[in-house]
Amino acid sequence: MALQLLTAIVLGLMCGSEMNIAVFGHPTLNKQPFEVRIAVRASFAKLFGRVMPFWMAASTLLNLLLLLPFGDTNRFFWHTDAIALTIQSAAVGFSLIGPVPINHRIAECM
């Protein structure tokens, strides 16, 4: 039960922060002067560039650890978690191909 709770918290916080940035962060930054916007985005790119790889790897590992014990007990939970792990792995792969190189270029602006 502790593993499920830890995984829900880690994944929930990650999804919540991504949504918060998209819904509130970017629109608020877009209202700021260009120089301020660039400096703030570069600072966030540096911070997230250090934190998010570990957060994404840890959440993917937690999701995988959830998948293993359900193999023999409950097929529905196993399939549901397998789908979640597949989606998360695709998101991590997309993140490495798309946003990570962009964030590295933005972080270099400072």
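Considering R37, R41, the condition of being basic (K, R) and either open to solvent by 80 Å² or more (accessible area, probe 1.4 Å) or in contact with a Cys (Cβ under 9 Å, 6 or more places away or on another chain) (or both) is satisfied by R41 alone.
Right, T60: touching a helix residue (DSSP H, G or I) at 6+ places or on another chain (Cβ under 8 Å) and either free of Cβ contacts under 8 Å to residues at least 60 places away in the same chain or more than 22 Å from E108 (Cα to Cα) (or both) or not?
Working: touching a helix residue (DSSP H, G or I) at 6+ places or on another chain (Cβ under 8 Å): yes; either free of Cβ contacts under 8 Å to residues at least 60 places away in the same chain or more than 22 Å from E108 (Cα to Cα) (or both): yes.
Here the answer is yes, as T60 does meet what is asked.
Looking across region 3-19, the residues that are open to solvent by 80 Å² or more (accessible area, probe 1.4 Å) and out of contact with any helix residue (DSSP H, G or I) (no Cβ under 8 Å at 6 or more places or on another chain) come down to L5, I9, L13, C15, E18, M19.
Count of region 94-110 residues, restricted to those that are of a type in the set (G, A, S) and assigned to a loop (DSSP other than H, G, I, E, B), is 1. Apart from one condition, S17 fits all of (1) more than 13 Å from the chain's Cα centre (by Cα); (2) part of a helix (DSSP H, G or I); the exception is (1). In region 7-19, the residues that are over 13 Å from M52 (Cα atoms) reach residues that are surrounded by 12 or more Cβ atoms within 10 Å (Cβ to Cβ) and of a type outside the set (K, R) with C-beta atoms within less than 6 angstrom, at least six apart or across chains, in these pairs: T7/L62; T7/L66.
For region 49-93: of the residues being part of a helix (DSSP H, G or I) and either touching a strand residue (DSSP E or B) at 6+ places or on another chain (Cβ under 8 Å) or of a type in the set (D, E, K, R) (or both), which is surrounded by the most Cβ atoms within 10 Å (Cβ to Cβ)? Lay out the reasoning, then the answer.
At the first step, the residues of region 49-93 found to be part of a helix (DSSP H, G or I) are 49-67, 75-93.
If we keep only those that are either touching a strand residue (DSSP E or B) at 6+ places or on another chain (Cβ under 8 Å) or of a type in the set (D, E, K, R) (or both) as well, we get 50, 75, 81.
On the way: R50: 10, R75: 10, D81: 22.
Checking each candidate, the answer is D81.
The values are calculated or read from the model by the stated rules, or taken from the named source; none is laboratory data. Source: prediction; values computed, not measured. No Cβ is skipped: glycine too gets one built from the backbone with ideal geometry, and neighbour counts run over all protein chains shown. Quick note on the areas: whole protein, heavy atoms, side chains included, nothing else; ligands and nucleic acids left out. Shrake-Rupley method; radii C 1.70, N 1.55, O 1.52, S 1.80 Å.
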